[in-house]
Amino acid sequence: MKILQFPLTRITIWFVFGILFSFYTSPNPNFVFISIGISFSLLVLAYFLSKNDFIQKIYFGAFTYLLFFQIGIFTQIINTDSYQADNYIHQIKNETDEHSVEVVLREKLKSSVLNDRFIGVVKRIDNRESSGKILVNFHKIKGNSKLNIGSNFLIKGTVYRHKNPINPDQFDYGKYLTNKSILGQMYADSYQIKISKTTDKDIWYYSDFLRNKILNNLEKSNFSKDELHVVAALILGQQQDISPEILHDYQFAGAIHILSVSGLHVGFILLFITFLLKPLRKNKVGNTIRLVTIIVSLWGFAILAGLSPSVVRSVTMFSFVAVGMHLKRSTNIFHTLLVSVLLILLFQPSFLFDVGFQLSYVALFFIFWLQPLLENLWTPNNKIAIYFWEILTVSFAAQIGAFPLSIYYFHQFPGLFFVTNLIIIPFLSVIMALGVFVMVLAAFDYVPEIPAKILEYSIYILNKTINWVASFEQFIIKDIPFNWQILLSLYLLIVAVIIWFKKPTFHKLAFALTALLLFQTTFIVTRWNNQNQEEWIVFNIKKNTLITERTGEKVVAFCNDSIQKEIATNPTLKSYLIANFSSISNQKKIQNVFYFKDKKILILDSLGIYAKNINPDIIVITQSPKLNLERLLKTYKPKIIVADASNFKTYIKVWEATCRKEKIPYHATGEKGFYRLN
């Protein structure tokens with residue numbers, strides 16, 4: 001694999017390993033600083049010892065990779081907010097305490113049913129200068145129209161640290177926010193907010209101002225809301241206001257990528273600007289003006305689109321392409337990809353853990369590496385066939401590269417992705433051209449009526465087409481169980497098969513067969529481990545009770561009547577089933593007594609009735625029964641009391657105090673999350 005022979009490839013790989021090592025181990029910063037100094041000294045020594053050699057000694061390369069591994073660790077540390085002494089999270093000693101937090105709004109997120117959500121940057125906390133990002137949830141009120149990017153607020157309230165998932169194998173939203181350097185959040189009502197007259201008019205403010213100006217002008221021209229929200233995503237990278245139904249259709253049709261501004265969109269911007277600058281003379285001055293204009297326009301577009309990881313990646317890569325065009329050199333696309341990865345992660349190592357960033361780079365790599373091979377499988381006779389064949393091969397190359405990651409994160413696969421791309425991509429070029437033209441004019445307070453109506457109708461047709469493709473739900477493979485071990489072994493298999501397919505040899509065939517054997521072994525071992533597991537779980541379901549008993553891949557679900565009909569589609573239970581390669585084998589009403597291994601479990605419901613001579617090891621309290629818990633504990637002396645989320649909060653607090661008094665362990669699922677026996 002020639003790509004691995006590039007020195008830059010190895011340097012980037014070791015740099016990425018350093019980021020991963022720092023992320024998962026949290027090393028001591030002082031030790032890292034010392035080790036970087038030692039690594040740099042060893043590299044300098046190795047250079048002087050081998051500088052006169054035509055082929056440098058192996059230790060020079062080894063010390064180079066060691067240094068970049070250490071730089072990766074250092075980069076992750078200095079960009080991790082929890083290491084910063086002035087970060088506000090270090091001043092949160094007790095989550096019950098209230099704080100006065102001065103925040104400037106930086107980014108608007110998708111609103112929830114009750115709250116408008118923003119990412120803010122903390123300036124001060126309790127009159128002390130501070131730093132760090134925070135998620136602010138403003139309770140929806142009429143005055144929320146004043147919530148603009150750059151606005152300053154003084155919020156008095158509680159700062160909450162992120163909690164661990166409260167149910168097994170649930171999406172860890174707290175970890176997701178932490179990876180984006182957001183370490184806490186606040187909930188604010190109108191009486192807790194003081195709006196400052198000061199507005200931070202920085203690059204984020206002007207970017208948001210221009211976006212809002214464009215969208216407001218389009219809305220005033222009677223642009224339909226659904227179509228306006230889609231065009232805002234396509235060109236401005238703003239998905240916050242797209243309806244859940246439209247997002248659902250794009251996901252099921254395998255077209256969600258076109259709503260995230262990426263290489264397709266940025267490539268079009270590059271071609272469009274290059275076309276506009278054609279009249280410039282091709283001399284030194286003209287070429288310099290052309291290059292500066294292209295790079296400024298690309299990064300201006302990136303800022304306008306919110307500097308998302310996919311946009312930053314695409315703009316960085318195409319900036320190198322523009323420089324290559326200026327220098328009149330053929331740009332090695334793999335070098336361009338690697339340099340963009342290195343530069344982006346050098347300044348924002350957290351992007352490495354962004355799903356969009358991962359999918360973008362994997363898809364692009366496979367397009368450049370695999371698509372030429374697929375394209376050579378057939379040579380069409382006419383230009384139209386060639387055009388659609390290229391679209392098809394690009395789609396398949398991208399999907400082959402991205403589908404393991406997609407399944408790992410989303411556990412579903414759109415089977416009609418190639419149909420979507422064949423229909424949409426030719427249509428999309430027209431929409432992008434019209435969209436850029438209309439939005440540029442809208443920025444100057446002029447919306448041309450005919451192009452705007454054509455754009456609106458084009459988006460309408462696009463949405464209807466996507467909806468039609470998504471309606472074939474039988475082609476959407478859902479609830480696919482997948483873990484990181486299978487993910488890595490599958491990628492190894494895909495790479496090995498492609499290497500063999502490009503230039504078949506016996507050694508490459510042996511490598512591919514070994515990778516296949518490893519993939520099968522990984523899958524079999526995963527299934528075998530699951531089949532030999534037994535566990536009994538009390539879930540945390542608000543106002544309801546859900547208990548499961550899993551033996552291998554078979555799960556028996558015990559639940560109350562209110563959720564019995566929809567238990568098969570319950571998202572909390574579905575996440576657990578997918579993660580454990582299991583399915584519901586039976587569904588029953590909750591019984592009063594369970595036996596699991598050597599444990600006897602008593603379930604107390606709203607009636608509070610129990611047998612006198614049961615002597616349980618564990619007591620689970622559900623549905624807020626009126627009982628004398630102190631007498632119950634003295635009678636049975638159980639090993640632990642579990643209270644699920646179907647109980648009143650006041651009861652849960654009283655029971656906690658009683659258990660503390662009697663020195664009996666207490667587990668409230670609303671506070672500590674699910675309870676597991678295994």
Problem set entry | In the stretch 442-469, the residues that are among the aliphatic types (A, V, I, L, M) and in contact (Cβ under 8 Å) with a residue 24 or more places away in the chain | Ala442, Ala443, Val447, Ala452, Leu455, Ile459, Ile461, Leu462, Ile466, Val469
For this session: Keeping to the stretch 413-461, report how many residues are modelled with pLDDT of 85 or more and polar (S, T, N, Q).
Result: 1
Exercise. Filtering the stretch 557-574 down to residues that are modelled with pLDDT under 90 and open to solvent by 40 Å² or more (accessible area, probe 1.4 Å), which residue is farthest from the chain's Cα centre (by Cα)?
Worked result: Asp561
Problem set entry | Pairs, first exposed (fewer than 15 other Cβ atoms within 10 Å of the Cβ) in the stretch 81-99, second among the hydrophobic types (A, V, I, L, M, F, W, C), C-beta under 8 Å, six or more apart | Ser82/Ile89; Ser82/Leu183; Tyr83/Ile77; Glu95/Val159
For this session: Could you pull out the residue among Tyr205, Tyr187 that is touching a residue at least 40 places away in the same chain (Cβ under 8 Å), among the aromatic types (Phe, Trp, Tyr), open to solvent by 40 Å² or more (accessible area, probe 1.4 Å) and not in a helix (DSSP H, G or I)?
Result: Tyr187
Exercise. Is it the case that the stretch 328-345 has a residue that's open to solvent by 60 Å² or more (accessible area, probe 1.4 Å), at negative phi and in contact (Cβ under 8 Å) with a residue 60 or more places away in the chain?
Worked result: yes
Exercise. Do you know which of the residues in the stretch 236-247 that are in contact with a helix residue (DSSP H, G or I) (Cβ under 7 Å, 6 or more places away or on another chain) and either outside any helix (DSSP H, G or I) or open to solvent by 10 Å² or more (accessible area, probe 1.4 Å) (or both) is farthest from Ser207 (Cα to Cα)?
Worked result: Ile246
Exercise. Which ones in the stretch 420-444 are open to solvent by 40 Å² or more (accessible area, probe 1.4 Å) and assigned to a helix (DSSP H, G or I)?
Worked result: Leu422, Ile423, Ile425, Phe427, Ser429, Val430, Ala433, Phe437, Val440, Leu441
Problem set entry | Pair list, Cβ under 9 Å, 6 or more apart: the stretch 488-500 residue within 13 Å of Ala397 (Cβ to Cβ) and in contact (Cβ under 8 Å) with a residue 60 or more places away in the chain, other residue assigned to a helix (DSSP H, G or I) and open to solvent by 30 Å² or more (accessible area, probe 1.4 Å) | Ile494/Ile400; Ile498/Leu373; Ile498/Ile400
For this session: Could you please give the count of residues in the stretch 445-482 that are within 26 Å of Ile273 (Cα to Cα) and either outside any helix (DSSP H, G or I) or not charged (D, E, K, R) (or both)?
Result: 13
Problem set entry | Single unsatisfied condition, Tyr610 versus (1) in a strand (DSSP E or B); (2) under 17 Å from Val642 (Cβ atoms); (3) open to solvent by 50 Å² or more (accessible area, probe 1.4 Å) | (1)
Exercise. What is the residue count in the stretch 364-417 for residues that are part of a loop (DSSP other than H, G, I, E, B), under 21 Å from the mean Cα position of the chain (by Cα) and either of a type in the set (Phe, Trp, Tyr) or buried (at least 18 other Cβ atoms within 10 Å of the Cβ) (or both)?
Worked result: 0
For this session: Assess whether Phe68 counts as being under 31 Å from the mean Cα position of the chain (by Cα), over 25 Å from Val121 (Cβ atoms), surrounded by 16 or more Cβ atoms within 10 Å (Cβ to Cβ) and modelled with pLDDT of 90 or more.
Result: yes
Exercise. Would a scan of the stretch 445-466 turn up a residue that is open to solvent by less than 30 Å² (accessible area, probe 1.4 Å), under 21 Å from Gln358 (Cβ atoms) and of a type in the set (Gly, Ala, Ser)?
Worked result: no
Exercise. Taking Phe482, is it more than 26 Å from the chain's Cα centre (by Cα) and either open to solvent by 50 Å² or more (accessible area, probe 1.4 Å) or among the hydrophobic types (A, V, I, L, M, F, W, C) (or both)?
Worked result: no
For this session: For the stretch 633-678, please list each of the strands (runs of 3 or more DSSP E) lying entirely inside it that holds at least 2 residues being over 18 Å from Gln170 (Cα atoms).
Result: 640-643, 666-668
Problem set entry | Subset of the stretch 644-678 (residues that are polar (S, T, N, Q) and crowded, with 16+ Cβ neighbours inside 10 Å) | Ser646, Asn647, Thr658, Thr669
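Conditions tested, residue by residue: (1) over 30 Å from Leu416 (Cβ atoms); (2) open to solvent by 70 Å² or more (accessible area, probe 1.4 Å); (3) in a helix (DSSP H, G or I); (4) modelled with pLDDT of 80 or more.
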site	(1), (2), (3), (4)
Gln251	no, yes, yes, yes
Lys282	yes, yes, no, no
Gly286	yes, no, yes, yes
Val292	yes, yes, yes, yes
Ile295	yes, no, yes, yes
Trp299	yes, yes, yes, yes
Ser310	no, no, yes, no
Seminar exercise, completed: Counting only residues in the stretch 156-183 that are part of a strand (DSSP E or B) and in contact with a helix residue (DSSP H, G or I) (Cβ under 6 Å, 6 or more places away or on another chain), the one surrounded by the most Cβ atoms within 10 Å (Cβ to Cβ) is identified as Leu183
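Results for (1) in contact with a Leu (Cβ under 9 Å, 6 or more places away or on another chain); (2) closer than 30 Å to Ile578 by Cα, shown as yes or no for each residue.
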residue	(1), (2)
Gly150	yes, no
Ile193	yes, no
Phe209	no, no
Leu215	yes, no
Leu218	yes, no
Lys225	no, no
His248	no, yes
For this session: Please identify the pairs in which a residue from the stretch 249-274 that is without any contact (Cβ under 8 Å) to a residue 40 or more places away in the chain has its Cβ atom under 6 Å from the Cβ atom of a residue that is in a loop (DSSP other than H, G, I, E, B), counting only partners at least 6 apart or on another chain.
Result: Leu259/Gln239
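The rows are residues; the columns are (1) touching a residue at least 60 places away in the same chain (Cβ under 8 Å); (2) touching a Cys at 6+ places or on another chain (Cβ under 8 Å); (3) more than 26 Å from Ser297 (Cα to Cα); (4) not polar (S, T, N, Q).
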position	(1), (2), (3), (4)
Val311	yes, no, no, yes
Val321	no, no, no, yes
Pro349	yes, no, no, yes
Gln358	no, no, no, no
Leu364	yes, no, no, yes
Asn376	no, no, yes, no
Leu392	no, no, yes, yes
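The values are calculated or read from the model by the stated rules, or taken from the named source; none is laboratory data. The model shown is predicted, which means the values in this text are computed figures rather than measured ones. Don't worry about glycine lacking a Cβ; one is built from the backbone with ideal geometry, like all the others, and counts go over all protein chains shown. Calculation scope for accessible area: heavy atoms of the full protein, side chains included, ligands and nucleic acids excluded. Shrake-Rupley method; radii C 1.70, N 1.55, O 1.52, S 1.80 Å.
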